[in-house]
Amino acid sequence: MQPTETITVETSTVGCDGGGGALGHPLVYLTLDHDRRVECPYCSREYVLKEGVKLGHGH
């Protein structure tokens, strides 16, 4: 199944609510994986890290 939408981001953690409104879903926080991408389990939006942005390693 193809993602419904691909969104380029600059952080390793993103929040997705499916676009809000009546067609949205509960807010979930997703963390990009080693492939620099993550797909929302609710709406299949795909979040991709912007080219040139490095993932932080956190504490």
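Points to keep in mind about this one:
- Scanning segment 1-18 for residues that are assigned to a loop (DSSP other than H, G, I, E, B) and among the aliphatic types (A, V, I, L, M) returns a single hit, Met1.
- Of the residues making up segment 28-35, not a single one is surrounded by 16 or more Cβ atoms within 10 Å (Cβ to Cβ) and at pLDDT below 95.
- Residues that are part of a strand (DSSP E or B) and either hydroxyl-bearing (Ser, Thr, Tyr) or in contact with a helix residue (DSSP H, G or I) (Cβ under 6 Å, 6 or more places away or on another chain) (or both), drawn from segment 19-54: Tyr29, Thr31, Tyr47
- Filtered residues of segment 1-22 (kept if in contact with a Cys (Cβ under 9 Å, 6 or more places away or on another chain) and modelled with pLDDT under 85): Pro3, Thr4, Gly19
The values are calculated or read from the model by the stated rules, or taken from the named source; none is laboratory data. Fair warning: this is a prediction, and the values are worked out from it, not measured in the lab. Don't worry about glycine lacking a Cβ; one is built from the backbone with ideal geometry, like all the others, and counts go over all protein chains shown.
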